[in-house]
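Coordinate-derived values only; no laboratory data. These numbers come from a predicted model, not from an experiment. Every residue, glycine as well, gets a Cβ built from its backbone with ideal geometry; the counts of neighbours run over all protein chains shown.
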Amino acid sequence: MFERLKALSEELAALVQTAGESVVRVSARPHFGASGIVWSADGVIVTADHVIEREDRVEVGLPDGRTVGARVVGRDPSTDTAVVRAEASGLNPARPAKLEDLRVGHIVLAVARPGRELQATLGIVSAVGGPWRTMAGGQLDTYLQTDVAMHPGFSGGALVAADGLVIGLNTSGLARGISVAVPITTLGRVVEALLAHGRVRRAYLGIASQPVRLPDPVRERVGRSMGLVILSVEAGSPADRAGLTVGDVIIAVGDQPVSRPDELLAQLTADRIGRPLPIRVLRGGQPVEIVVTPGERS
Amino acid sequence: MAELLRQLNTDLAALAETARAGLVRVGVWGMLGVGSGIIVHPAGLVLTNAHVVRAEILRVRLADGREFRARVLGRDSTADLAVLLIDATDLPALELAPAEPTPGSLVMALGHPWGVEAAASFGVVTGTSTDEAGREWVLVNLRLRPGNSGGPLVDAAGRVVGINTIMTGPETGAAVSVRSARAFLRRVLAEHLRPAAAAS
């Protein structure tokens, strides 16, 4: 009776146990534990940034039951990702999945270790799409939303596909009320940056801006309805040195049109640091090109 | 592809049907109760939550509609378990699972949420935990509502892995673990069998 259901249930439970070999507990805040994913056998653990409330006395609970000390290597609040290094070796690194194969409706499991014991919830992929910018200005390579329930301590845990491979890091810190995961591709990039620099490098202009509707004649000429009006320019900043001023309306950065702050942020990647970047603005209704050399955000 | 889903649906419906046969409704005599219970022995043993049992004489309604007066055989408020006896035989008892379920296992909860007759909710075992009082819980990701209390949480093989007891959130709940239930049943039955053995 119910042979297929039994087989499915057994496979799910086995999947949790296997994936759980690469899921650890990360204790870096009072009261609540959180989870982490083993990135390398020598102790690199990736977790959610928002669960790290204290950087001293970070502890990692391993799948074999041992608790070891750990130190914070680097944090990237923009993608809610952090890397800690546990004083351990011989760990089981998570096996990454290929996201190209992922489709809406696929079964996924959230595997977490809020305390000593492994926990899991089941769901499906609700949405999978192109790049997505987080509220904090971080870039996720793939928008990955699921309906897995996130219980306390599930943040930092693994989002696991039906083949047991890890497709992302679960966190409740990226969106309110829905489960948005940091995709494994983004994790790779962020972890590499955090291990190398302790942070994710970002280019910096030194302005504050907000979207503004362009006047009709200008709209027709540039083929866009919105731009970004500069509200303030930090003294001595790259923008200030290049001559950008309050009231300039940015319509393009490099060859990319921008009309929202997140579109501007998306252009300020690490490779822009120290390299001349043409910025197209409207000044007194006329398009002007100003070359800025972005600095590095500290 | 859709074939497998159809087959799983067939299995789910069959699982619900099996579990429903062992599900009873528990209430105080003379009142329509909304508590649930589980037939754990063909000779009339019904397992439920202690908090569902609010009188010494209760009314139990079987899935086939028959109603019986039930006597409280044993009750443990700390464990939140009670076992009732009804005067019936050849009942469709549900089997108790030999061990606690592992995280990720599929489970179905049967009961009478808000009085809705024999409703099923399907989900997954999140984990197991032991609280300060030493009670063992099976944590589940499915919907439990008032009226689910005392009903069976069954695994994919139709075996009881827990007694649905509390909702802990909109989509989460906790069931008294089958291990606690088995220990409780053993204790109660030992008490009742001892005098009989002495008399023989």
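Would you mind classifying chain B by shape? Square roots of the alpha carbon gyration tensor eigenvalues, ordered a ≥ b ≥ c; an a/c under 1.5 is rounded, otherwise it is prolate if a/b is larger than b/c and oblate if not. Prolate shape, in that a/c is at least 1.5 and a/b is the bigger ratio.
In terms of surrounding Cβ atoms within a 10 Å radius of their Cβ, A:Phe154, A:Phe32 rank from fewest to most as A:Phe32, A:Phe154. With neighbours defined as other Cβ atoms within 10 Å of a residue's Cβ, the residues A:Lys6, A:Lys98 order from fewest to most as A:Lys98, A:Lys6. In terms of other Cβ atoms within 10 Å, A:Thr142, A:Thr18 run from fewest to most in the order A:Thr18, A:Thr142. The Rg/Rh ratio of the stretch A:107-243, with Rg taken over Cα atoms and Rh as the Kirkwood radius over Cα pairs, comes to 1.12. In the protein assembly as shown, a dipole from Cβ-located charges (positive for Lys and Arg, negative for Asp and Glu) runs towards its positive end, and of A:Ala193, B:Val34, A:Val108 it is B:Val34 whose Cα lies farthest in that direction.
The amide H of B:Ala79, built 1.01 Å from its N in the peptide plane, has no neighbour under 5 Å, considering only residues 5 or more places off or on other chains. In a Debye calculation with equal point scatterers on the alpha-carbon sites of chain A and no solvent, what is log10 I(q)/I(0) at q = 0.14, 0.16 Å⁻¹? Scattering profile of chain A, log10 relative to I(0): -0.97, -1.13. As an equivalent ellipsoid, the stretch A:1-155 spans semi-axes of 26, 21, 14 angstrom, where each value is the square root of five times an eigenvalue of the C-alpha gyration tensor, largest first. Taking the C-alpha atoms only, the angle from helix A:184-197 to the longest principal axis of chain A is near 70 degrees. To the nearest 500 deg cm²/dmol, what mean residue ellipticity at 222 nm is calculated for chain A from DSSP H runs of n ≥ 4 alone, each contributing -39,500 (n - 2.57), summed and divided by the residues? So the helix-based figure for chain A works out to -5000 deg cm²/dmol.
Just order A:61-74, A:241-254 by mean Cβ neighbour count inside 10 Å, highest at the front, would you? Spell out each step's value before the answer.
Numbers: A:61-74: 15.8, A:241-254: 18.1.
So the order, starting with the most tightly packed, is A:241-254, A:61-74.
Ratio of Rg to Rh for the protein assembly as shown: 1.13 [Cα atoms; Kirkwood radius as inverse mean 1/r over pairs]. Across peptide A:8-18, the mean count of Cβ atoms from other chains lying within 10 Å of each residue's own Cβ comes to 5. When you restrict to C-alpha pairs under 8 Å that are six or more residues apart and normalise by the size of chain B, the relative contact order lands at 19 percent. For the peptide B:5-15, the mean number of other protein chain Cβ atoms found within 10 angstrom of a residue's Cβ is 3.
Across the options B:Val154, B:Gly173, B:Trp137, the greatest Cα extent toward the positive end of the charge dipole of the stretch B:106-182 (unit charges at beta carbon of Lys, Arg, Asp, Glu) belongs to B:Val154. Within the stretch B:103-200, the proportion of C-alpha pairs whose separation exceeds 18 Å stands at 47%. Kirkwood-type hydrodynamic radius, the stretch B:2-86: 13.7 Å, calculated from all non-identical alpha-carbon pairs. Quick one: compute the contact order of the stretch A:1-194, relative version, from alpha carbon pairs under 8 angstrom and 6+ residues apart, as a percent. Reported relative contact order: 23 percent.
Need one word for the stretch A:237-290: rounded, prolate or oblate. Basis is the Cα gyration tensor (sqrt eigenvalues a ≥ b ≥ c); a/c below 1.5 gives rounded, then a/b vs b/c decides. Verdict is oblate for the stretch A:237-290. In terms of its C-alpha gyration tensor, the stretch A:187-264 has an oblate overall shape, because the principal axis ratio a/c (a ≥ b ≥ c, square roots of the eigenvalues) is not below 1.5 and a/b does not outweigh b/c.
Of the trypsin sites (Lys or Arg not before Pro) in the stretch B:1-78, which ones lie in a loop per DSSP and count no more than 15 other C-beta atoms within 10 Å? Please report the intermediate quantities before stating the final value.
Working: sites: B:Arg6, B:Arg20, B:Arg25, B:Arg54, B:Arg59, B:Arg61, B:Arg66, B:Arg69, B:Arg71, B:Arg75; in loops: B:Arg54, B:Arg66.
Sites meeting the loop and neighbour criteria: B:Arg54, B:Arg66.
Across B:Gly22, B:Gly134, B:Gly37, mean-square fluctuation computed from a Gaussian network of chain B (C-alpha pairs under 10 Å connected) peaks at B:Gly134. One compactness figure for the stretch B:60-128 is 1.36, namely its Cα radius of gyration divided by 2.2 N^0.38 Å.
Between B:Ala43, B:Ala175, B:Ala133, the residue with the greatest mean-square fluctuation in the GNM of chain B (Cα pairs under 10 Å linked by springs) is B:Ala133.
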